[in-house]
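Report on the following structure.
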Amino acid sequence: MPEVALELRACITFFTKVPLPATEPPHGADYMAHAPLIGAAIGALKSLAILGFTLIFSTEIAVVLGIIFALVLTGALHEDGFMDTCDGFGLAHSRERTIDIMRDPRAGAFAVIGIVVLLGLRALLLEHLLRVCETQVFIALLAAAHGLSRLAAIWPLATDDYVGGTGKSSAVAHRLSGKAKRLAWCWATLAVAPALWFNPAAALIAVLAVALCYDASRRLFLRRLGGYTGDCLGALQQTTQAVAYLACAAVMPLAA
C-alpha cells in the first residue's frame, strides 16, 4: 500500500472511530499532517448530518443531533482532552500537579462546567449559522472550522516539546518533519478554500480568530508546563473550533 494511503488510514484511525482494518501506524508523527484534511471531512459530514436532520426535526434538535453525530464519529477524543485540561489548569498551579490531574481519568468540577459551557455555546453558534447561512456556505464554514482547528491541534508537534506520558497521546510525542509541516498547511488551505470562495469575510476572520486563540493557548501551556500533552492538543482543537464558529457568527449578519 502506498505510504500516503498508510498515513491517511493511520490518521483516520487516530482521530475517528471509523472501523478500518488494524495496521501498524507509520513511525513518528508525520501521519498527523493529514489531520486538517480529516477535520475538514468531519466538519462537512457534521454539517450534512445537521442539514439532514432539519428535514425531520426543528433547527434546535437538528443541531443537537448533529453534535451527537460528530461526538460518536470522533469518539469524543478532543472533548476528553479539553475536560482534562480544564481540570488540570483549574485545580492546580504547579507543573507536576497539573500533569497529574490531567492524567486522572475522573472528571472534576472544572471539567464538567467547561464541557457544558462549550457544548452549549457550540449548539447556539451552530443554530445561528444554520439560520443565517445558505446551505453551501454552512457546509464550507464548518469544514473550514474543523480543518483549521485540527491544524492548531497538531502544530505544537512542529514547535514545542511533549511533556506527557505514555498511552494513545504518546503518539504525538514526535516532531513533525519539514515535509509534514508543508503538507499540513496545504490541507488546511484546501479546507478553508471553499469558505473563502463563498464568504471571504467570515473565512478570513475565522482564520484570524483561530490564530489568536492558538497563540494565547500555546503561551499558557508553555508558561505552565513548558510544552504540551495530548490533552492540551485536544483542548486546542476544541477552543479554536469554538472560536472559529464564534467569529463566523459575529460576521455573518454583516457579510451575508
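Couple of notes before you dig in:
- Any hit, segment 139-153, residues being assigned to a helix (DSSP H, G or I), modelled with pLDDT of 95 or more, under 21 Å from the mean Cα position of the chain (by Cα) and closer than 20 Å to G226 by Cα: yes
- Per-region count, segment 78-92, residues surrounded by fewer than 19 Cβ atoms within 10 Å (Cβ to Cβ) and of a type in the set (A, V, I, L, M): 2
- Test: residue in segment 53-69 that is at pLDDT 95 or above and under 14 Å from the mean Cα position of the chain (by Cα): yes
- Scanning segment 53-89 for residues that are assigned to a helix (DSSP H, G or I), polar (S, T, N, Q) and over 21 Å from L233 (Cβ atoms) yields a single hit, T59.
- Residues that are among the acidic types (D, E) and touching a residue at least 12 places away in the same chain (Cβ under 8 Å) within segment 55-99 comprise E60, E79, D80, D84, D87, listed in sequence order.
- Checked against the criterion of being touching a Lys or Arg at 6+ places or on another chain (Cβ under 9 Å) and farther than 28 Å from A111 by Cβ, segment 201-216 has no qualifying residue.
- A184 vs. criteria in contact with a Cys (Cβ under 6 Å, 6 or more places away or on another chain), buried (at least 16 other Cβ atoms within 10 Å of the Cβ) and touching a residue at least 12 places away in the same chain (Cβ under 8 Å): no
- When we screen A35, A41 for residues that are in contact with a helix residue (DSSP H, G or I) (Cβ under 9 Å, 6 or more places away or on another chain), surrounded by fewer than 22 Cβ atoms within 10 Å (Cβ to Cβ), assigned to a helix (DSSP H, G or I) and in contact (Cβ under 8 Å) with a residue 24 or more places away in the chain, the only hit is A41.
The values are calculated or read from the model by the stated rules, or taken from the named source; none is laboratory data. Because the structure is a prediction, the values reported are computed rather than measured. Positions of Cβ are backbone-derived with ideal geometry, glycine not excepted, and every protein chain shown enters the neighbour counts.
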